Amino acid sequence: MAQTAIPPTVPLDSAVWRLRSRGCWQDAAALLEHAAALSPTAALRRTALLVECCMFTGEGWERAEDALRAVESMALTDEERGAAAGERGYLAYASTLLRVRDRADEARAALGRAAALLAPDSPGRALLDFRRGLMAQHVSGNAEAAETGYRRAHAEAVARGDALLSSYTWRQLAALAQQRGDLEQAREGFTHSLRLREETGFLVGIAPALVALAEVQPEPEATRLRTEAGRLFHLLDRVPRWLAAQLTPQPPAPAPA
């Protein structure tokens, strides 16, 4: 997911983060419903929650589409239009990755619009670079382009102190290292990713991070990590849904988070 995390500064922000971090995206979005009707900023936050819900659960597509259309119908700045295009691109990517419906062309077009609308120094650039890296890796099969996007996103996320996005960039860079057979670098990246998710309290992202680290660890540590991942997975109502295939003896599913 990657939706960036803003450290909560007011009670509403804290409540939204607590629900989101536990996989209660619909409840978190409901807290923003009133504000979203009046403010593009709140409407974009609500939309991002509903899009992230689709990625983690494979459900809620119509609600996310409705939220996107509502945002796109508002009077927006270029920055806000770019953010909305980024969410549309990510929703189309999720639909493609999870094999709900092939929307790869829509994803590329929307992410391209976002790139044209966001200023070079926009706070949203890091997330956009990350999402374009995901498209390059998981849809286009271009590992080199993916790594370029991830490294740009990683540098910006670290510079801005965005710990959650950094956990995602560490994870994807580690996955590329694993594919190259560099298990030491993969272990380092997956370890950093797990640590950041634990530190930010992003509970719904911890089980995938444990499973990823288990894949590059020797026994008995690998089994311990998978056992802990399974406990969290069931505690959080089997979310993310796609992780089930990696916790049972089946061919692994894509792991976007």
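The values are calculated or read from the model by the stated rules, or taken from the named source; none is laboratory data. For clarity, every value in this text was computed on a predicted model and none was experimentally measured. Positions of Cβ are backbone-derived with ideal geometry, glycine not excepted, and every protein chain shown enters the neighbour counts. Accessible surface areas use protein heavy atoms only, side chains included; no ligands, DNA or RNA. Shrake-Rupley method; radii C 1.70, N 1.55, O 1.52, S 1.80 Å.
Restricting the search to the stretch 141-186, which residues are among the small types (G, A, S), under 18 Å from the mean Cα position of the chain (by Cα) and outside any helix (DSSP H, G or I)?
G161
For G58, which of the numbered conditions (1) over 22 Å from L176 (Cβ atoms); (2) free of Cβ contacts under 8 Å to residues at least 40 places away in the same chain fails to hold?
For G58, the exception is condition (2).
Can you tell me which residue within the stretch 27-69, out of those that are among the polar types (S, T, N, Q) and more than 16 Å from the chain's Cα centre (by Cα), is least open to solvent (accessible area, probe 1.4 Å)?
Restricting to residues being among the polar types (S, T, N, Q) and more than 16 Å from the chain's Cα centre (by Cα), the top hit is S39.
If I go through the stretch 133-178 residue by residue, how many of them are touching a residue at least 40 places away in the same chain (Cβ under 8 Å), open to solvent by 20 Å² or more (accessible area, probe 1.4 Å) and either of a type in the set (S, T, Y) or closer than 18 Å to T96 by Cα (or both)?
Residues meeting the conditions: 2.
What number of residues within the stretch 210-231 satisfy the criterion of being surrounded by fewer than 17 Cβ atoms within 10 Å (Cβ to Cβ) and in contact (Cβ under 8 Å) with a residue 12 or more places away in the chain?
1
What about A75, is it under 20 Å from A126 (Cβ atoms) and either without any contact (Cβ under 8 Å) to a residue 60 or more places away in the chain or open to solvent by 40 Å² or more (accessible area, probe 1.4 Å) (or both)?
no
Give the number of residues within the stretch 191-209 that are open to solvent by less than 10 Å² (accessible area, probe 1.4 Å) and in a helix (DSSP H, G or I).
7
Restricting to the stretch 113-132, name every residue that is open to solvent by less than 30 Å² (accessible area, probe 1.4 Å) and within 23 Å of A143 (Cα to Cα).
A114, A115, G124, A126, L127, L128, D129, F130, R131 - these are the residues of the stretch 113-132 that are open to solvent by less than 30 Å² (accessible area, probe 1.4 Å) and within 23 Å of A143 (Cα to Cα).
From (1) outside any helix (DSSP H, G or I); (2) within 18 Å of W61 (Cβ to Cβ); (3) free of Cβ contacts under 8 Å to residues at least 40 places away in the same chain; (4) not hydroxyl-bearing (S, T, Y), pick out the condition that doesn't hold for V100.
For V100, the failing item is (3).
Within the stretch 7-30, does at least one residue satisfy the condition of being assigned to a helix (DSSP H, G or I), of a type in the set (V, I, T) and in contact with an Asp or Glu (Cβ under 8 Å, 6 or more places away or on another chain)?
Checked the stretch 7-30: no residue is assigned to a helix (DSSP H, G or I), of a type in the set (V, I, T) and in contact with an Asp or Glu (Cβ under 8 Å, 6 or more places away or on another chain).
Is one or more of the residues making up the stretch 10-24 on the phi > 0 side of the Ramachandran plot and crowded, with 21+ Cβ neighbours inside 10 Å?
Checked the stretch 10-24: at least one residue is on the phi > 0 side of the Ramachandran plot and crowded, with 21+ Cβ neighbours inside 10 Å.
Taking the stretch 208-257 on its own, how many of its residues are of a type outside the set (D, E), closer than 21 Å to E184 by Cα and at pLDDT 95 or above?
16
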